[in-house]
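Notes to accompany the following structure.
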Amino acid sequence: MEKTEIKKSALRIGEDGLEKKSASRRLEVLKTYKIFIGGQFPRTESGRYYVPVNNRGKKLANVCLSSRKDFRDAVAAARAAFPGWSGRAAFNRGQILYRMAEMLEGRKAQFIEELMQQDASRKKAEREVNLSVDRLIYYAGWCDKYQQLFSAVNPVASSHFNFSVPEPTGVVSIIAPQQDSLLGLVSVIAAAITGGNTCVVLASETKPLCSITFAEVLGTSDLPAGVVNMLTGKLTELSPWFVDHMDVNATVFCEADPETQQRMRERSALNLKRICFYDRIDWYSNAGQSPYFIMDLQEIKTTWHPIEEIAGSGSGY
Amino acid sequence: MPATRKKQSKGNTLRLKFDTSWSYAPAPESRTAASFRARYELFINGEWQQPLSKKYFDTINPATEERLSEIAEAGAADVDRAVRAARTAYDKVWRRMPAKERAKYIYRIARMIQERAREFAIIESLDGGKPIRESRDFDVPTAANHFFYYAGWADKLEYAFPNRGTEPLGVAGQIIPWNFPLLMAAWKIAPALATGNTVVLKPAETTPLTALKLAELLQEADLPPGVVNIVTGAGATGAAIVNHPDIDKIAFTGSTEVGKIIQRAIAGTKKKATLELGGKAANIIFEDAPLDQAVEGVINGIYFNQGHVCCAGSRLYVQESVAKEVIRKLRDRIETLIVGDPLDKNTDIGAINSRQQLETIEKYLSIGKKEGAEMYQSSCPLPGRGYWCRPTIFTNVAQSNRIAQEEIFGPVLAVLTFRTDDEVIEKANNSPYGLSAGVWTDKGSKIFNMTRRMRAGVVWANTFNKFDPSSPFGGYKESGYGREGGLHGLLPYLNLVG
């Protein structure tokens with residue numbers, strides 16, 4: 001490993017994306033970008049790494065090249081976390097998403113730096129981080145409200161109490177938008193977990209840094225272990241496993257790639273997992289957030305119970 | 001119930017005597033109240049058109065094996081004609097029609113079904129084998145109500161989805177099964193029309209008649225030509241619909257196996273789909289359940305419509321402490337079920353829909369015995385010709401037995417036991433399916449704990465097999481996706497915009 005060649009500025013980044021050499025000769029402590037599974041930061045079990053490079057040819061980091069087994073372990077962690085997360089009070093989920101926003105806001109400078117290393121201008125980086133914080137707050141507010149908009153008490157003609165409510169679909173495998181390092185990733189994660197799902201996320205292959213730093217935000221937000229699991233690696237290698245796994249209930253894919261989309265729809269037939277293609281979403285606009293993203297990963301359950309017709313009561317509720 | 005003397009046993013349960021001299025006199029519904037043609041063509045663009053394929057097939061009465069009618073078989077070219085008629089009707093007429101006028105057509109259809117309810121019920125029982133009591137009291141009225149309910153939504157779609165406008169999808173290709181032929185046609189056509197789409201529908205090849213009678217009704221109702229097209233045929237006709245490039249939406253109800261084939265077939269196209277597939281529902285009786293009502297609910301859950309129900313309660317989980325009593329009550333109860341002529345109003349269990357389905361059921365009966373389960377069947381007499389199966393109970397069933405995991409689609413109940421709540425929740429959810437579930441307990445707080453933990457789209461608590469047009473129906477997991485009925489049933493036929 002050529003650690004000494006990868007310089008990461010802990011202090012200042014210039015407008016051209018290159019770090020300003022600091023006057024002192026203190027050696028920086030470089031971050032090892034490990035993946036995030038079950039609330040912990042293991043390395044990839046495959047031991048492999050890859051080195052994403054920015055537009056100016058600067059190597060960003062030795063990033064884990066996650067394997068199929070990492071994905072399987074992550075699904076197991078997400079499945080284990082599902083009963084607890086979906087069993088939390090909706091209000092509690094909202095509190096946790098709000099804290100995620102707090103933690104992200106507190107680390108804005110770090111994320112702006114990382115985005116600038118990955119080819120964003122300072123202005124664009126600030127905008128992206130601000131929108132990400134606001135997006136978390138947006139979904140925090142939905143946690144205990146979307147149910148009221150999308151549930152129904154159904155006026156059945158027989159003497160029954162009958163109601164339909166959304167329930168989380170379960171474990172969602174998400175291939176985050178590949179062009180963004182942060183905002184797209186935060187958007188798809190927030191919609192999934194607001195609805196009570198747990199997820200395994202593949203970060204942008206070329207801009208993976210913010211995903212792992214965001215995992216650190218998740219780790220300090222009271223989010224239970226396993227609710228979000230973050231992998232870095234190669235999309236073409238991992239996407240087949242994301243859509244094949246029999247214990248995954250839904251897959252989200254954000255690239256406008258018709259061949260991959262077709263293959264995913266075919267492979268989803270294995271266990272009829274739900275497939276969402278978000279390939280034309282402008283995450284920077286209001287179209288990038290809505291309760292319909294939550295509802296895409298929900299199932300509707302209808303429950304019936306008889307109402308005894310005593311004391312003159314009629315049918316229905 | 002033909003018991004003249006009840007022997008009081010030492011406990012507080014009554015022991016019924018079945019060896020009485022009373023029997024039921026036949027009470028046949030008259031066939032003369034219904035008429036249907038000897039031959040049916042394809043219903044395309046508001047007219048009866050001969051199939052370009054020049055082929056026909058027979059539909060028979062499964063209770064007597066007599067041929068009822070000769071039915072046109074639509075080939076790919078016929079399907080193409082139908083889709084083009086639907087597309088023209090969509091572009092030129094249906095999508096331009098004010099929504100409230102659309103609604104009035106659908107209301108008209110509902111009312112006309114009610115006017116001819118008896119005829120539809122008789123034909124449904126003749127063609128499919130289900131008892132006349134069911135087609136008369138359940139299938140036909142529920143189908144009419146489904147049209148009536150969705151008619152009301154047509155001009156109110158702007159209220160249905162907050163912050164979103166709606167657009168129809170275009171032409172819907174719909175493929176329906178043989179277990180509730182008219183009702184499934186209503187479940188497909190009504191929401192599609194109400195939301196502004198046009199339809200190409202294929203009824204099942206063993207039960208085309210009520211869909212074709214519905215086509216006659218649509219002509220009488222003056223529905224604009226091409227809005228609904230009925231193309232009869234079997235798997236190849238269905239495939240032609242699924243693969244047709246000018247169809248915007250596929251709606252399928254049938255087996256999980258075919259649902260997966262359809263999912264793969266439309267991959268890479270822009271077609272949307274909803275699938276309503278098989279199930280292996282768990283019906284759970286707790287020790288604090290009202291046992292007699294629970295037994296009645298379980299019986300209804302599996303023997304209604306000969307068990308040809310995707311949401312049939314085909315697995316019974318009974319808590320160990322009451323297992324012996326429940327099993328005894330189940331055996332007593334199935335002894336009273338009458339298997340016979342579907343047109344006889346005394347009949348509880350009608351004919352199995354086809355020879356093929358009967359062979360499938362018999363295959364599972366022998367699998368169950370080989371797997372070590374204990375089989376019990378009632379001793380009722382069976383008619384001579386036709387396809388029949390006595391109500392069957394398997395006890396001593398293990399969770400991994402094929403008769404506990406695979407859908408049999410017949411009057412066969414697998415009984416398993418459990419001790420704790422956690423155990424039964426895990427066992428009930430241990431299935432690739434997730435269509436429905438039943439919970440029987442008198443304890444209020446337990447009811448909603450259990451219904452919440454069942455991973456199924458429809459959960460019946462202290463009841464079973466209840467349906468209503470306003471109540472969304474559909475599955476989790478491999479039982480499919482999308483909902484039919486209620487507000488949520490609009491979504492499969494709309495694009496949300498804005």
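Laboratory data are not the source of any read-out in this text; all were calculated from the coordinates shown. Predicted, not measured: the structure shown is a model, and the values here were computed from it. Neighbour counts run over all protein chains shown; Cβ positions are idealised from the backbone, glycine included.
Please get the size of the charge dipole for region B:279-461, origin at its Cα centre, with Cβ charges of +1 on Lys and Arg and -1 on Asp and Glu, quoted in debye to the nearest 20.
Roughly 320 debye for region B:279-461.
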(request) Could you order peptides A:280-286, A:179-185 by the average number of other Cβ atoms within 10 Å of their residues, highest first? (result) A:179-185, A:280-286
(message) Charges on Cβ only, +1 for Lys and Arg, -1 for Asp and Glu, centred on the Cα centroid of chain A; of A:V29, A:G87, A:Y50, which one is farthest towards the dipole's positive end?
(response) A:V29
(message) Could you identify which residue out of A:M295, A:M246, A:M100 has the top mean-square fluctuation in a GNM of chain A using Cα springs shorter than 10 Å?
(response) A:M246
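Of the peptides B:349-356, B:44-51, how do they stack up when ordered by the mean number of other Cβ atoms within 10 Å, highest first? Kindly include the intermediate steps, with their values, before the conclusion.
Details: B:349-356: 22.9, B:44-51: 18.0.
For the peptides B:349-356, B:44-51, the packing ranking is B:349-356, B:44-51.
Find how much the distance from B:A77 to B:K324 grows on full extension, using 0.36 nm per residue of separation minus their present alpha carbon separation; answer in nm with one decimal.
On the way: separation 247, 0.36 × 247 = 88.92 nm, distance 5.90 nm.
Between B:A77 and B:K324, full extension yields an extra 83.0 nm.
Counting partner chain Cβ atoms within 10 Å of every residue's Cβ in A:268-274, what's the average? Walk me through the numbers before you get to the answer.
Values: counts 4, 11, 4, 4, 15, 4, 2.
Going residue by residue through A:268-274 and averaging, the value is 6.
Output the pairs from B:K156/B:K249; A:K31/A:K207; A:K145/B:K271; B:K54/B:K202 with a Cα-Cα distance over 20 Å in this structure; if there are none, say none.
On the way: B:K156/B:K249 22 Å; A:K31/A:K207 15 Å; A:K145/B:K271 31 Å; B:K54/B:K202 17 Å.
The pairs that break the limit, which is 20 Å between Cα atoms, are B:K156/B:K249; A:K145/B:K271.
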(request) Sum -39500 (n - 2.57) across every DSSP H segment of at least 4 residues in chain B, then divide by the residue count to get the 222 nm mean residue ellipticity, nearest 500. (result) -10500 deg cm²/dmol
(message) Report the Cα centroid-to-centroid distance between region B:182-254 and region A:154-188 in angstrom, as an integer.
(response) 30
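Residue separation times 0.36 nm, minus the C-alpha to C-alpha distance between B:A25 and B:E257: what's the value? Could the numbers behind the result be given before it?
Values: separation 232, 0.36 × 232 = 83.52 nm, distance 4.29 nm.
Length gained between B:A25 and B:E257: 79.2 nm.
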(message) With the crude spin-label approximation of a point 7 Å out along Cα→Cβ, what separation in nm comes out for B:Q293 versus A:A109?
(response) 6.7
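Please compute, for peptide A:162-169, the average count of beta-carbon atoms on other protein chains lying within 10 Å of each residue's beta-carbon. Numbers along the way, then the final one.
On the way: counts 7, 1, 11, 1, 1, 4, 0, 4.
What the average comes to for A:162-169 is 4.
For Cα pairs less than 8 Å apart in space and 6+ apart in sequence, what is the mean separation divided by the residue count of region A:68-306, i.e. the relative contact order in percent?
27
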(request) Report the charge-dipole magnitude of the protein assembly as shown in Debye, nearest 20, computed about the Cα centre from +1 at each Lys and Arg Cβ and -1 at each Asp and Glu Cβ. (result) 1360
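Provide the net charge surrounding A:G288, with neighbours chosen by a C-beta distance below 15 Å and charges set as Lys +1, Arg +1, Asp -1, Glu -1. Intermediate results must be reported in sequence, preceding the final value.
Numbers: positive: A:R127, A:R135, A:R280; negative: A:E128, A:D134, A:D180, A:D279, A:D282, A:D296.
Value of the local net charge: -3.
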(message) Going by average Cβ density within 10 Å per residue, which order do the peptides A:150-157, B:140-147 take, highest to lowest?
(response) B:140-147, A:150-157
(message) Nothing charged except the Cβ atoms of Lys and Arg (+1) and of Asp and Glu (-1): what's the magnitude of the dipole of chain A about its Cα centre? Round to the nearest 20 debye.
(response) 1220
(request) Report the antiparallel proportion of the DSSP beta bridges in the protein assembly as shown as a percent, rounded to a multiple of 5. (result) 40
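Among the helices of chain B (complete DSSP H runs), which have Cα atoms covering no less than 18 Å along the helix axis and a Kyte-Doolittle mean of at least 0.0? Working shown, then result.
On the way: long enough: B:76-89 (20 Å, -0.14); B:99-115 (24 Å, -0.80); B:181-194 (20 Å, 1.34); B:320-335 (24 Å, -0.82); B:355-370 (22 Å, -1.05).
What comes out of the filter, once short or polar helices are dropped, is B:181-194.
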(message) Looking at chain A as a GNM with Cα springs under 10 Å, which of A:S158, A:S211, A:S187 has the largest mean-square fluctuation?
(response) A:S158
(message) Using a Gaussian network model on chain A with a 10 Å cutoff between Cα atoms, which of A:E299, A:E28, A:E45 fluctuates the most?
(response) A:E28
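Excluding B:N401 itself, what net charge comes from residues whose Cβ is under 13 Å from its Cβ, given Lys and Arg +1 and Asp and Glu -1? Don't jump to the answer; show the numbers that get you there.
Values: positive: B:K280, B:R315, B:K369, B:K370, B:R402, B:K427; negative: B:E371, B:E374, B:E406.
Local charge sum for B:N401: +3.
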(message) Please enumerate, by chain and number, the lysines with C-alpha under 21 Å from the C-alpha of B:K363, excluding those fewer than 8 residues away in the same chain.
(response) B:K280
(request) Figure the gain on full extension for A:T206 and A:E237 (residue separation times 0.36 nm, minus the Cα-Cα span) and round it to one decimal in nm. (result) 9.7 nm
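Where both residues lie in region A:68-306, what percent of DSSP beta bridges are antiparallel, nearest 5?
On the way: 11 of 28 bridges.
Percentage antiparallel, nearest 5: 40.
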(request) Could you check the simple spin-label distance between A:R43 and B:D246, using points 7 Å along Cα→Cβ, in nm with one decimal? (result) 6.1
(message) Could you tell me the center-to-center distance, by alpha carbons, between region A:69-116 and region B:352-417 in angstrom?
(response) 48
(message) Once you keep just the Cα pairs under 8 angstrom separated by 6 or more residues, what percentage relative contact order results for chain B?
(response) 17
(message) Tell me the net charge near B:T420. Cut-off is 11 Å between Cβ atoms, B:T420 excluded, with +1 for each Lys or Arg and -1 for each Asp or Glu.
(response) -3
